[in-house]
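S.K.: So that we are looking at the same thing, I have put the structure below in structure tokens.
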Amino acid sequence: MNEKDKLDVIFELQKKLDTDIQERRSLDFPMEQWIQKDVLAMISELAELLDEVNFKWWKNAKLVDEASLHGELVDILHFFVSMCIRAGLDADKLYEGYIAKNRENFDRQYGRSEKKGYDVAEKDDAK
């Protein structure tokens, strides 16, 4: 059996949802405005995520509701994938970009990058 990659499925489902919403609601914005709207929606979802993990030090902490926490993360993913699609970034390009950036981030942490400011010794010297 040839199963689809999970990330490809996520991108396909998001594309269908975005198209359905745009058609049902007669929405037509330029790409830049769509991304602006998605960023604002993601900020709202990030705030909801923050509420789930007791960031308000002036309030009594509550138990973290794992289902709600997971739900907020999924909501954030919806808007992130939507932005990727609108910007012309498919699942393969996102994966390749992530792999390259992850490698660079490790290189930065271990002093194998040309980018300055990540060396642990530099941090110690600044004290």
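S.K.: If you take the residues in the range 45-98 that are polar (S, T, N, Q) and in contact with a helix residue (DSSP H, G or I) (Cβ under 6 Å, 6 or more places away or on another chain), which one is surrounded by the fewest Cβ atoms within 10 Å (Cβ to Cβ)?
M.R.: So the first thing to find is which residues in the range 45-98 are polar (S, T, N, Q), and the list is 54, 60, 68, 82.
Keeping just the survivors that are in contact with a helix residue (DSSP H, G or I) (Cβ under 6 Å, 6 or more places away or on another chain) gives 68, 82.
Working: S68: 13, S82: 22.
So, considering only residues that are polar (S, T, N, Q) and in contact with a helix residue (DSSP H, G or I) (Cβ under 6 Å, 6 or more places away or on another chain), the one surrounded by the fewest Cβ atoms within 10 Å (Cβ to Cβ) is S68.
S.K.: I would also like to ask the following. I'd like the full set of residues that are of a type in the set (S, T, N, Q) and either at pLDDT below 95 or loosely packed, with under 13 Cβ neighbours inside 10 Å (or both), limited to the range 8-39.
M.R.: T19, S26, Q33
S.K.: Which ranges mark the helices (runs of 4 or more DSSP H) fully within the range 8-114 that have 2 or more residues being of a type in the set (K, R), out of contact with any strand residue (DSSP E or B) (no Cβ under 9 Å at 6 or more places or on another chain) and free of Cβ contacts under 8 Å to residues at least 60 places away in the same chain?
M.R.: Filter on the range 8-114 gives 91-109.
To keep it simple, each residue is scored yes or no on (1) β-branched (V, I, T); (2) assigned by TED's automatic domain parsing to the domain that holds D5.
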residue	(1), (2)
L40	no, yes
S44	no, yes
A47	no, yes
K56	no, yes
D65	no, yes
V74	yes, yes
L77	no, yes
G97	no, no
D107	no, no
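S.K.: Let me ask something else. So R103 ticks every box in (1) in the same structural domain as L17 (by TED's automatic domain parsing); (2) modelled with pLDDT of 95 or more; (3) surrounded by 12 or more Cβ atoms within 10 Å (Cβ to Cβ); (4) out of contact with any Ser or Thr (no Cβ under 6 Å at 6 or more places or on another chain) but one. Which box is left unticked?
M.R.: (1)
The values are calculated or read from the model by the stated rules, or taken from the named source; none is laboratory data. Computed from a prediction, not measured in an experiment: that's the story for all the values here. So basically every Cβ, Gly included, is an ideal-geometry build from the backbone, and we count neighbours across all protein chains shown.
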